[in-house]
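What follows is a single structure, written as structure tokens, with notes after it.
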Amino acid sequence: MSDWRRIDIDAYEPDKFLSKEELVPDLPETPYSEIQKVSQQSRTYLSSGKFSEALALVLDTPPYVSDEQTKETHTETVFEVLCSIRNNHQVGELKSFIQSLTLDQQDVLVKYLYKTMGKSYGAKQGGLLLNWFEKVVEVSGEGPIVRYLADRRTV
Amino acid sequence: MSFPIVYKLGTEPIIDHVFSSSGDVLAITVGNSVKLYKVKGLSKPELFAELKGHNKTVTSVDISPDGSRILTCSQDRNALVWEMCEGEYKPTLVLLRINRAATICRWSPLGDKFAVGSSDRIIAVCYYEEENDWWVSKHLKKPLKSTITSLYWHPNNVLLACGSTDGHTRVFSTFIKGLDAKPEATAWGSKLPFQTLCSDFVSETGAWVHGVAFNATGEILAFVNHDSSLNIVYPQGEGLPPLAYHLVKTSHLPFRSLVFVNDNKIAAAGNDNVLVVFEGDQNGWKELGPTEKILDPIVKHSSTLRSADDDDDEISSHDALNMFKQLDLRGRVTKTTTGGANQSTSHQNTITSVKLYSLSHVSTSGDDGRVVVYKV
């Protein structure tokens, strides 16, 4: 019994075991078509210079319950908006964008910053993401980071 | 007396603490035992008893409302009730029937029963059976599927709020036939046979629940979870959605414990080492901010940090840690960093439990081995 720590003790009480399905947040599923619409809408905003509107839109519509494809598409949309804003503004101006967001939107922004940092396209723009991250934490403190770690509504 | 009062009780973490209702006795968990201190009218707490009966870490301690019994529970899957007998505390084992660690124990407001939460996904509601001369338990099982992290009794001695790691905060009935008088109907429900689930709340993030609390009348329920926010619920009645549900997001690290100071004030504390006060009513709640300033520990704040704790000759754990950091960074130890507090707050590490001390004071214990009484 040298490896007693590795015994799966939950296997002995299967009926009480909390399943993964029970931890899925109780929210309606987001269809792929909706995310595509958001993506197009945000591009329209960006091309007409409505940066704040684009940012608020993509942060208001995270697909929490959906398939991987949908989540990935939305991540790319958010990334596009973040790049576009940064490329058209100074670093110092990012702060005013973040201040115009609600607390909920700031939380979602941090979730996407972490997610995009893990992607290959995000890694190439690491400096840009860190600019955003620094400014969010400056405005909102550590709360959104904790919520990113604890939230079951993953992006 | 000036507040906050800081009691330094060694270097081991304190998971739970409790003052007796008269304020004379302070009980803290230290490793596998519980230490009892006399505190009233003394400048330094005086150790007068150590309760040794568990063989794993003690996770919770509570003193009965009349002060005559002390309840402890531990990771060794047992709970003990300690009573004074011929000048010594003698333990009685409780028949918990759980297979995993007990995480929390609390006396009911009348002191005739108590609840023990466990990681066996069970809450054992225990009461004294005279015929057998033994503390027996009834289990609250359904629909619990995860570790119970916190418990709080409703003042009517029947309803019990519990928080668990699946993110649910539930209110159960613990009505025991033959022991409890039939409770009057409350906003939580009217028919209350044992194990009735009266309410079930999940915060929007669904994060671990760390602490739950009722207000003094049991008409408001609040809970904190691992997402650094505070949830407050005003129930409307059986089967109805709550009258009001408020969520206060903060920029702090997660809160571990909370308590109602009065119906319009809540004190919560946790990984930020500081007590945070919230204020509000049914229409909304807001954060009033921390009771102490949080200064960056890396920047030197000599005037505030060199507090009057030089009477401690023993080197504390954070001083030791600091010493090694200095050695690592500079290869030598500078005199200024040994002795004195490291942080600007009264607690130097995570606050693990928050309790009401009096109508305007709150006591806290932390992983730094300190118990602090704050004025709020």
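The values are calculated or read from the model by the stated rules, or taken from the named source; none is laboratory data. Keep in mind that what you see is a predicted model, and the values were worked out from it rather than measured. Here the Cβ positions follow ideal geometry from the backbone for every residue, glycine too, while neighbour counts run over all protein chains shown.
Quick notes
- Among all residues of the range B:241-255, there is none that is of a type in the set (Lys, Arg), more than 14 Å from chain A (Cβ to nearest Cβ) and over 24 Å from B:Thr174 (Cβ atoms).
- Some residue of the range B:211-225 being within 13 Å of chain A (Cβ to nearest Cβ), assigned to a loop (DSSP other than H, G, I, E, B) and not hydrophobic (A, V, I, L, M, F, W, C): no
- Output for the range B:69-92, where each listed residue is surrounded by fewer than 20 Cβ atoms within 10 Å (Cβ to Cβ), out of contact with any Ser or Thr (no Cβ under 8 Å at 6 or more places or on another chain), free of Cβ contacts under 8 Å to residues at least 40 places away in the same chain and not acidic (Asp, Glu): B:Cys85, B:Gly87, B:Lys90
Yes/no matrix, rows are residues, columns are (1) at pLDDT below 95; (2) in contact with a Ser or Thr (Cβ under 7 Å, 6 or more places away or on another chain):
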site: A:Val81; (1), (2): no, yes
site: A:Gly92; (1), (2): yes, no
site: A:Lys111; (1), (2): no, no
site: A:Thr116; (1), (2): no, yes
site: A:Gly141; (1), (2): yes, yes
site: A:Ile145; (1), (2): no, no
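- Scanning the range A:88-107 for residues that are over 10 Å from A:Leu55 (Cβ atoms), in a helix (DSSP H, G or I) and of a type in the set (Val, Ile, Thr) yields one hit, A:Val91.
- Hits in the range B:112-140 (condition: of a type outside the set (A, V, I, L, M) and more than 30 Å from B:Trp208 (Cβ to Cβ)): B:Asp112, B:Tyr128, B:Glu129, B:Glu130, B:Glu131, B:Asn132, B:Asp133, B:Trp134
- Conditions (1) among the aromatic types (Phe, Trp, Tyr); (2) under 16 Å from the mean Cα position of the chain (by Cα); (3) away from chain B (no Cβ under 14 Å): number failed by A:Phe97: (2)
- Some residue of the range A:114-133 being within 14 Å of chain B (Cβ to nearest Cβ) and in contact (Cβ under 8 Å) with a residue 12 or more places away in the chain: no
- B:Leu230 being closer than 23 Å to A:Val24 by Cα, within 14 Å of chain A (Cβ to nearest Cβ), within 25 Å of the chain's Cα centre (by Cα) and touching a residue at least 40 places away in the same chain (Cβ under 8 Å): yes
For (1) assigned by TED's automatic domain parsing to the domain that holds B:Leu110; (2) more than 19 Å from B:Ser251 (Cβ to Cβ); (3) among the hydroxyl-bearing types (Ser, Thr, Tyr), each residue gets a yes or a no:
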site: B:Glu184; (1), (2), (3): yes, yes, no
site: B:Ser190; (1), (2), (3): yes, yes, yes
site: B:Gly206; (1), (2), (3): yes, yes, no
site: B:Phe214; (1), (2), (3): yes, yes, no
site: B:His226; (1), (2), (3): yes, no, no
site: B:Ser229; (1), (2), (3): yes, no, yes
